[in-house]
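Colleague: Attaching a single structure in structure tokens format; questions to follow.
The values are calculated or read from the model by the stated rules, or taken from the named source; none is laboratory data. Computed from a predicted model, the values in this text were never measured in an experiment. FYI the Cβ positions are ideal-geometry reconstructions off the backbone, even for glycines, and counts take in every protein chain you see. Note: accessible area is taken over every heavy atom of the protein model, side chains too, but ligands, DNA and RNA are not part of it. Shrake-Rupley method; radii C 1.70, N 1.55, O 1.52, S 1.80 Å.
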Amino acid sequence: DRGAAPTLSIDEDVVVLGYAIYEPDVESPEQISDCAMAMATNIMRLLCGPDWLPDEVLLPRQPLADSGPYRRFLRAPVRFDQETAALVFPAHWLDHRIAGANPIFRQVFEAHIRELEAAGAGDWKENLRRMLRTELLTNQCSAATVADRFAIHRRTLSRHLRAEGAGFQSL
């Protein structure tokens, strides 16, 4: 999705799984955000079981005259007029074992992820753009922060970008 980015922040025992639209002038952003939170809720319920519940759901839309359908589906308090769409839930769910998980599929998917990471490893500009989309949405964007995310020194990041004819500020 090139017009939005998923976000994940973990602060001690609280997880915020979000979805933020960064492309300007997107049609019906409220519907897109609502749909993203509904899908994320269904995915979490599928992975963790029917007992999974968010503590709250954040939506970047005006309150509705009747938010009952949202509360019934999400089974959690819904807070409107938020900066981004997000599910807030306890961090212990991240350690939940997936019932019926196939260890062979996990190995196949992990190998595929390594291939994708290796294929994109040389394109610093595109990797940085992708990371900036998320970092800008979480208000934690600086060259030093981004370099830390790549596990490199700030000057190394600058060197890679110079080699591709780009600079951090311009990207």
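Colleague: Net charge near Val88: determine it from the other residues with C-beta under 15 Å of the C-beta of Val88, scoring Lys and Arg +1 and Asp and Glu -1.
Modeller: Details: positive: Arg71, Arg75, Arg79; negative: Asp11, Glu12, Asp13, Asp55, Glu56, Glu83.
For residues surrounding Val88, the net value is -3.
Colleague: How large is the Rg to Rh ratio of segment 63-102 when both quantities use alpha carbon positions and Rh follows Kirkwood?
Modeller: Values: Rg = 14.4 Å, Rh = 12.8 Å.
Reported Rg/Rh (Cα atoms, Kirkwood Rh): 1.12.
Colleague: How big is the equivalent ellipsoid of segment 14-58 along its three axes, where each semi-axis is √(5λ) from the Cα gyration tensor, reported in whole Å from largest to smallest? Don't jump to the answer; show the numbers that get you there.
Modeller: Numbers: eigenvalues 112, 24, 12 Å².
Computed over segment 14-58, the values are 24, 11, 8 Å.
Colleague: Can you tell me the order of 33-45, 145-157 when each peptide is scored by its average per-residue count of other Cβ atoms within 10 angstrom, highest first?
Modeller: On the way: 33-45: 17.1, 145-157: 14.3.
Per-residue mean Cβ counts within 10 Å order the peptides as 33-45, 145-157.
Colleague: When the convex hull of the Cα atoms of segment 26-91 is projected onto a plane and the area is averaged over all directions, what value comes out in nm²?
Modeller: Values: hull surface 18.4 nm².
If I average the Cα hull's projected area over directions, I get 4.6 nm².
Colleague: Hey, another quick one. Pop out the carbon and sulfur fraction of the accessible area of the chain as a percent, whole number, probe 1.4 Å.
Modeller: On the way: 6140 of 11370 Å².
Taking all protein chains in place, the chain shows 54 percent carbon and sulfur surface.
Colleague: Next question. Subtract the Cα-Cα distance of Leu64 and Glu164 from 0.36 nm times their separation in residues, and report this length gain in nm to one decimal. Walk me through the intermediate numbers first.
Modeller: Working: separation 100, 0.36 × 100 = 36.00 nm, distance 4.82 nm.
31.2 nm is the gain from fully extending Leu64 to Glu164.
Colleague: Next question, about the same structure. Per the helix-only calculation at 222 nm, which mean residue ellipticity applies to the chain, given -39500 (n - 2.57) for every DSSP H run of n ≥ 4 and division by its residues, nearest 500 deg cm²/dmol?
Modeller: On the way: 6 runs with 76 residues, N = 171.
That calculation yields -14000 deg cm²/dmol at 222 nm.
Colleague: Please work out, to two decimal places, the log10 of the ratio I(q)/I(0) at q = 0.19 Å⁻¹ from a Debye calculation in which every Cα of the chain carries one identical scatterer.
Modeller: Debye output, listed in q order: -1.29.
Colleague: Rounded to the nearest whole Å², what accessible area per residue is found for the chain with the 1.4 Å probe? Could the numbers behind the result be given before it?
Modeller: On the way: 11370 Å² over 171 residues.
On a per-residue basis, the chain sits at 67 Å².
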